[in-house]
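The values are calculated or read from the model by the stated rules, or taken from the named source; none is laboratory data. If you're wondering where the values come from, they're calculated on a predicted model, not measured in any experiment. All Cβ positions, even for glycine, are placed from backbone atoms using ideal geometry, and neighbour counts span all protein chains on display. To get the accessible areas, we keep the full protein, side chains included, count just its heavy atoms, and leave off ligands, DNA and RNA. Shrake-Rupley method; radii C 1.70, N 1.55, O 1.52, S 1.80 Å.
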Amino acid sequence: MSSPKTERRFVGKSVPRKEGRDKVTGAARYVDDIRFPEMLYGATVRTTSPRGRIKEIIFGENVPWDEFTIVTAKDIPGENYVALILNDQPYLVEEFFNHTEEPVLLLAHEDKFLVEKARRSIRFEIEEFSPVFTIEDSVNKREIIWGEDNVFKSFLVDKGNVDEVWESADVIVEGEYLTGAQEQLYIENNGMIAIANHEDGVTVWGSMQCPYYVHKALIKLFNLPEEKVRVVQTETGGGFGGKEEYPSMIAGHAALLSWKSGRPVKIIYDRAEDMAATTKRHPSHTRHRTAVSRDGKLLGMEIDFTVDGGAYATLSAVVLSRGTIHAAGPYLCPNVRIRSRAVATNAPPHGAFRGFGAPQSIFGLERHMDKIAKTLGLSPEEFRRRNFIQEGQTTATQQVIHEKVDLSGLMDRAFELSGYNEKREKFAEQNKSSRLKKGIGFASFMHGAGFTGSGEKYLESVVGAEATEQGNVRILAASTEIGQGTNTIFGQIASEALGIDYNLIEVAKPDTSNVPNSGPTVASRTCMIVGKLVESAALGLKQTLVGSGFLKDSGYTSEDFSNACRAYIEKHGALKSFSKYQQPEGINWDDEHYRGDAYGAYAWAVYVAEVTVDPTVYEAHVDDFVAVQEVGRVINPVLATGQIEGGVAQGIGYTLYENVVWRDGRMANNQMTNYIIPTSADIPPIRVFFAENPYAYGPAGAKGIGELPMDGAAPAILSAIENATGVSINHIPLVPESLMEELETETI
Amino acid sequence: MSEVNKVEITCAVNGEERVLHAYPMARLLDALREELRLTGTKEGCGEGECGACSVLINGEIVNSCLVPVAQVAGAEIKTIEGIANDQKLHAVQEAFIQHGGAQCGICTPGMVIAAINLLEKTEKPTEAEIRDGLAGNLCRCTGYMKIFEAVVRACQEEDVKV
């Protein structure tokens, strides 16, 4: 057999999704589809005001309370915090609370309608404290609501000496940019089932991205040894980051109720609870001050980036980190200073959402790049071209880009496919006489794959491959299938590495009692980082079969491989191979100075949006969208295209439709009726193109892809709206009310 | 609430006569999922916005979260479990698998029902008709492109690998 590496039997092919049949027939089992005998239904009683102290809990009348299992903070056997980074978020309020919808009390009963009635009957007598709701009030310390200064985390990135550029600069451009919260809105609400008792420990089944995050949190909550805690992922109906950290909370709650009642307990959030209580994308505020030369070269960038973390630290430090590193974008600038901070407000904690801070800071940067170009009298594309980073040059963190990067080429391709240049001219002419205004705009950006800096080194992810008695190869990893295609690409990567049929590869359901910790399913790391471990674990298996004489080194068929697996197991018993992450040579990161190789690899992209603005009803509609990107080798074109299309659609929602209305720190529109995501009638044709440049350390040359498409839509659409109307807008979401305000202000 | 208020409702589900024991205002969605254990029909929002709970009643598509069971007495109900014929998938299901129409899968049963309903009414729908026909079913994963493609391919049965 010739080398599978060159033959590429499975990588680059759109093999169908492994669990596709179960999904289209309704056979796939999500957490709410599962029930156990004697199971109780759990509910969460939550605070109804943003900040204060609970003086008394008042139980309503006409509820048979003696039939209920009731859990308070006093029932917690271990630590009352959700173990994550700073461990500041309690599972249940003991006395003081810091946001609305904070869990105080848990109820369980076998009648789920009665449990809901009971939940609604409970009232709190509280002492209210003055809350903080905005980034501005938090930064100005109107009240100190967290730590000494309301700051969860801050970073400083310093390259060159930006202080020296202002005097000699030809032009200085300043700008301020704002982004709102966004709900992940996976269509499957959060839910968990737990069976917990002293004898067997704690087992939970549920919808999640990160089984080992839940595992770690339950160990602390119950003060149990790790082998006494088992976490099993059920089929998961979308995550987008929204099931990264909050499932630890729900798992703990279900387990506490089960621990006390001695029965299985299921907690399923309804949509209103899921939207009001769980995490959203961090709102942000970015300030730019940029020095440029008259010929359009960036000389110095001073960037101030702040995100609203909500009431507890949760993942804000990491979201801030990614947002900070992406804040200066894919441009070369010799002097850069980025100051950033995540601050506390009395809202439910904001959390992970596809892009993880990068969509926010990239939005600010790309709008600002358009503003600078306009100030200089250059076209937005020409200004970008003069500053695109090239191989061998350094990013804001002074990472030398060692891969081939051709943003100008990606731009050419995106412009050609979208008809950008012709449309710029055509629309300018048409708009003179047309009531509807048309425009076209773009954004250029990058997205780092994997954990930031030394994150992957500390994670030390492990993947296993085992031979089965049927002669198949089963991949063992905690990386979850949440719709993005983990099962399928792991199958492709392993079959490619072994040169055997794709159907011989099974992917084990993530279950902490059976799979090693391959790290969380986040950060565009599953394909590039974990996929590489799948490849090496699979090869390890083959090596053992060859080494022990059951398989020829090459020239074998799938059947030979299966036979070798079976023969080995018969003679020696189980055959497993594990592979642990090893950082590629030459990656160096200085955590203290935030300097060095922030990511192992970046995906690069240019996105073009075409819009129509109706100035009568103040509506903007995206008519066409072209997404061109370089993500290394594409493992599965249909899945990869689906990732881009889905991310772009979420980006369109983020820009034009999805408006979280806050009232006293609580989401007021926590329903699908009034929080609007795009429907099939709203989404334009999304045309996706990949330039492929294999990455040496990715499986079969692949890099990360999942988050990238979230970054580009918002700035591209606002750039197109500026092209259509002449009005430069610096904030999202741009719902019709805000567009009206902008267009009216401009014409007055 | 007492058991005595429950009523018996006879209807046909996926071609089989079934007797439901439920409160008259209980949601059809709950009767299907809890009583008949037909869990392929999903709940996304509980207020008729997302379409994850779509089923066919007498050939018309409805959000089963908005239908009280009392309304289905004598009706013919079809859920996702009744779409494939034995082991043979419907052309729409096959096309969803082949062309990436399903990602996380939670909207998929409702989306497949909506697509089948559309094709039963309009043999070869235009793009605008597809967009319109599926606008009551929300998907957060796909951006709808692959779903449109799957519906188009399902109409061209010769292209669909069964």
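Results, tabulated for the structure shown:
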quantity	calculated
Share of carbon and sulfur in the accessible heavy-atom surface of the protein assembly as shown [1.4 Å probe, %]	47 percent
Nearby aspartates and glutamates by direct alpha-carbon distance to A:Lys117 (threshold 13 angstrom, same-chain neighbours under 8 apart not counted)	A:Glu61
Shielding by partners, peptide A:644-650 (average Cβ within 10 angstrom, other chains)	5
Long-range HN-HN contacts of A:Ala668 with modeled amide H, under 5 Å	A:Val661, A:Trp662, A:Arg663
Directionally averaged shadow of the range A:471-537, computed from the convex hull of its alpha-carbon atoms, nm²	4.3 nm²
Viscosity 0.890 mPa s, 25 °C: Kirkwood-radius Stokes-Einstein D of chain A over Cα pairs, µm²/s	91 µm²/s
Chains A and B together, accessible area buried on both sides, 1.4 angstrom probe, square angstrom	4000 Å²
Chain B: Lys pairs at Cα distance under 26 angstrom, eight or more positions apart or on different chains	20
Whether the range A:272-430 is rounded, prolate or oblate, judged on the alpha carbon gyration tensor where a/c under 1.5 counts as rounded	prolate
Modelled FRET efficiency - R0 25 Å, B:Asn85 with B:Ala12, Cβ distances, 0.05 increments	0.90
Listed residues A:Glu481, A:Glu38 arranged by accessible area, highest first, probe 1.4 Å	A:Glu38, A:Glu481
Two-site label geometry, A:Asp406 and A:Met740: point separation in nm, points 7 Å out along Cα→Cβ	4.9 nm
Under 29 Å from the Cα of A:Lys576 - lysines, other chains or at least 8 residues apart	A:Lys5, A:Lys13, A:Lys18, A:Lys216, A:Lys228, A:Lys457, A:Lys509, A:Lys532, A:Lys542, A:Lys552, A:Lys703
Cleavage-rule hits, trypsin sites (Lys or Arg not before Pro), the range A:389-439, DSSP coil, Cβ neighbours within 10 Å at most 16	A:Lys404, A:Lys432, A:Arg435
Pairs of Cα atoms farther than 18 Å apart, the range A:324-395, %	51 percent
A:Gln393-A:Glu56 pseudo-label distance in nm [points 7 Å out on the Cα-to-Cβ vector]	6.8 nm
Coarse-grained scattering of the range A:556-617 at q = 0.12, 0.15, 0.26 Å⁻¹, given as base-10 log I(q)/I(0) from a Debye sum over alpha-carbon atoms	-0.73, -0.78, -1.15
Modelled FRET efficiency - R0 30 Å, B:Glu76 with A:Lys117, Cβ distances, 0.05 increments	0.30
Gain in span if fully extended, A:Phe689 to A:Ala428, counting 0.36 nm per residue against the direct Cα distance	91.2 nm
Charge dipole (debye, nearest 20) of the protein assembly as shown; +1 at Cβ of Lys and Arg, -1 at Cβ of Asp and Glu	1360 debye
Phi to ³J(HN,Hα) by Karplus 6.51 cos²θ - 1.76 cosθ + 1.60 over the range A:25-35, Hz, x for Gly, Pro	9, x, 7, 4, 9, 8, 4, 6, 8, 9, 9
The range A:157-191: GluC sites (Glu not before Pro) in DSSP coil with no more than 16 other Cβ atoms inside 10 Å	A:Glu167
The range A:523-540 - phi-based ³J(HN,Hα) in whole Hz, Karplus 6.51/-1.76/1.60, Gly and Pro as x	6, 6, 9, 5, 6, 5, 7, 6, x, 5, 5, 4, 4, 6, 5, 5, 5, x
DSSP beta bridge pairing in the range A:183-282, given as percent antiparallel to the nearest 5	65 percent
Mean residue ellipticity (222 nm) of chain A, computed from DSSP H runs ≥ 4 via -39,500 (n - 2.57), nearest 500	-8500 deg cm²/dmol
Accessible area per residue, Å², chain A with all protein chains present, probe 1.4 Å	35 Å²
At R0 = 25 Å, FRET efficiency that the Cβ-Cβ distance of A:Asn197 and A:Asn87 yields, to 0.05	0.45
Shielding by partners, peptide A:177-188 (average Cβ within 10 angstrom, other chains)	3
Per DSSP, loop GluC sites (Glu not before Pro) in the range A:85-123 with at most 16 further Cβ within 10 Å	A:Glu94, A:Glu95, A:Glu110
Along principal axes, Cα extents of the range A:365-492, largest first, whole Å	73, 37, 21
Cut-off under 5 Å, modelled amide H: who pairs with A:Glu619 long-range	A:Asp614
Length added when fully stretched, A:Glu110-A:Glu585, from 0.36 nm per residue minus Cα-Cα	165.3 nm
Label point 7 Å beyond Cα of B:Glu120 along Cβ direction - residues of the range B:22-61 with amide nitrogen under 11 Å	B:55-61
5 angstrom amide H check on B:Val7, placed H, neighbours 5+ away	B:Ala22, B:Tyr23
Whole-Hz ³J(HN,Hα) from phi, Karplus 6.51 cos²θ - 1.76 cosθ + 1.60, for the range A:617-622, glycine and proline x	9, 6, 10, 10, 10, 8
Solvent-accessible area lost in complex, 20 Å² minimum, residues of the range A:25-47 relative to chain alone, 1.4 Å	A:Thr25, A:Gly26, A:Tyr30, A:Asp32, A:Asp33, A:Arg35
